[in-house]
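Notes follow the structure.
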Amino acid sequence: MDERDWIVLKTLYDEKNITKAAQQLFISQPALTHRLQQLEQKFTVKIVVRGRRGVQFTPQGEYLAKYAVDMLAKFQQMKENVLNMDYRVEGVLKLGVSNFFTDYKLPNLLKRFKEQYPHVEFKVRTDFSSEIAHLIYNQDVHVGFVKGDYGWKGQKRLLFEEELCIASKEKIAIDDLPSLPRIDYRTDPLLKTYVDNWWYENYSQPSLVSIEVDKVDTCKKMVVNGLGYAIVPTMILSDIEDVHKIIIKTKDGMPIIRKTWMFFHEESLQLNVVKAFVDFVEKLNLEEGI
């Protein structure tokens, strides 16, 4: 098997569908089917079984697909190590990035890094911070940008802190929140825990959620249009002036702070591309702030 065969098996295993896998691989369905048949002939086993909802992998196919995932990871590591030998900063930098950081910070950060290191390519995965923490723990990415404290034991750098606040179009009284319409949004479990704990410390009844959306940006637009209040990190509102904000605090009168971190493994710094990126972020954060 060569690298292309591993990619074919991994893609088909991820998609479980010939049409979708062919689209991902930028080849025709007949070409993918022919490649698969060649692999089945080479190993004299059936790799997949077609069904109404796509394809199912046989036990032998499952083994080969998982082997392909391992081989692709080893092949990528081998390429990184070879590039690393002559101190060039090039190759693929794998990043795991929280949704907020992706929307508000990442594009400019990557643009500036690319200007300095034009031969670096990026592979970026975005998700809630809890999932990004899992990716960096398993070394599926080189560097993770995470909001919140996840007990990471490896290397980490604090990038910035922000407070949580109540945001509304018009001025409202914090004591009236249980009777006012709230706009809620899907977020990572840790932030939800912060907000829920604060709520139940201060109110004996649940909030009156009138609108639920999937993204904080959508929630912000609802607030701006006067459809209710929301409890959000303050940085979300940095580009809006005409929104009333109330910083939420603990019983001790301390603001509830949410931190954004850069996580990475110490051994990853042996890769030139990772060290260059970490150094770049640290320098930029020190001089200008991320």
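The values are calculated or read from the model by the stated rules, or taken from the named source; none is laboratory data. Please read these numbers as outputs of a predicted model, since none were measured by experiment. Cβ atoms come from the backbone with ideal geometry, glycine included; neighbour counts cover every protein chain shown.
Only residues that are more than 10 Å from the chain's Cα centre (by Cα), in contact (Cβ under 8 Å) with a residue 12 or more places away in the chain and surrounded by fewer than 24 Cβ atoms within 10 Å (Cβ to Cβ) were counted in segment 123-140, giving 4. Screening TYR200, TYR194, TYR229 for residues that are outside the structural domain of HIS134 (by TED's automatic domain parsing), at pLDDT below 95 and more than 30 Å from ILE136 (Cβ to Cβ) leaves exactly one candidate, TYR200. The residue of segment 236-290 that is surrounded by the most Cβ atoms within 10 Å (Cβ to Cβ), among those that are β-branched (Val, Ile, Thr) and over 24 Å from LYS192 (Cα atoms), is VAL273. Quick one: is GLY226 on the phi > 0 side of the Ramachandran plot, outside any strand (DSSP E or B) and touching a Phe, Trp or Tyr at 6+ places or on another chain (Cβ under 8 Å)? When the stated conditions are applied, GLY226 does not pass them. Restricting segment 1-23 to residues that are without any contact (Cβ under 8 Å) to a residue 60 or more places away in the chain and surrounded by fewer than 17 Cβ atoms within 10 Å (Cβ to Cβ) leaves a set whose member that is farthest from PRO59 (Cα to Cα) is GLN23. Within segment 180-200, track down each residue that is touching a Lys or Arg at 6+ places or on another chain (Cβ under 8 Å) and without any contact (Cβ under 8 Å) to a residue 40 or more places away in the chain. Across segment 180-200, the qualifying residue is only ARG186. A count restricted to segment 206-216 and to residues that are exposed (fewer than 15 other Cβ atoms within 10 Å of the Cβ) and not in a loop (DSSP other than H, G, I, E, B) stands at 4. All of (1) in a loop (DSSP other than H, G, I, E, B); (2) touching a helix residue (DSSP H, G or I) at 6+ places or on another chain (Cβ under 7 Å); (3) touching a residue at least 60 places away in the same chain (Cβ under 8 Å) hold for LYS245 with one exception: (1).
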